[in-house]
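Have a look at the structure below, then the notes.
Each value in this text was obtained by applying a stated rule to the coordinates, not by laboratory testing. Keep in mind it's a predicted model, so treat the numbers as computed, not measured. All Cβ positions, glycine included, derive from the backbone under ideal geometry; neighbour counts span all protein chains shown.
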Amino acid sequence: MIAYIDNTGLLRISDAKIKSLDGTTTLLTEPATFTIYDSEGSEVIGQVWPANMTLSEPGNYAGLLESDVEFLPNRSYTAVITAGTAPNARAVFNVDLYPEKRGAE
C-alpha cells in the first residue's frame, strides 16, 4: 500500500475474516487497532499507537494515518492490524506500506 509522506491518509482492510477450529470462516466485527513499525521493528513516531480502526461493515475497517507520522521515502514499513482480544477470537494482519512524496513520479 502506498502512504503519502506529510499527508493524512487512510489504512483500509476489507473482507477480513477469522477461521474457526471447525474450518468455517466469519467476517470480523471485533474492535481493531493498528501500529506501524519500521524495518527495524520500532514503532514509527508521529502518532500514538495503537491507533483505533473504524468498522464500517463486517470485515471492513479503516484507520487514520496522521500527517505527522514520520515516514521516510524509499523505505518500507509494516502496519500490524489486530482485531479482537481473546486468543481464540483474535486476528492479526500485516500490511506493507511504501511511503512516497505526493506528486512524485
Open item on the list: If I build a Gaussian network model for the chain, linking alpha-carbon pairs within less than 10 angstrom, which residue out of Leu55, Leu27, Leu11 has the largest mean-square fluctuation?
Closed with: Leu27
- [ ] Decide, for segment 52-105, between rounded, prolate and oblate: order the square roots of the alpha carbon gyration tensor eigenvalues as a ≥ b ≥ c, take rounded if a/c falls under 1.5, and otherwise choose prolate if a/b is larger than b/c, else oblate.
- [x] prolate
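Defining a contact as two alpha carbons under 8 Å apart and six or more residues distant in sequence, what relative contact order in percent does segment 34-89 show?
On the way: 65 pairs, mean separation 24.0, N = 56.
Over segment 34-89, the number comes to 43 percent.
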Task: the chain: trypsin sites (Lys or Arg not before Pro) in DSSP coil with no more than 14 other Cβ atoms inside 10 Å - done: Arg75, Arg90, Lys101, Arg102
Task: Qualifying GluC sites (Glu not before Pro) for segment 1-98 [loop in DSSP, other Cβ within 10 Å: at most 15] - done: Glu40, Glu66, Glu70
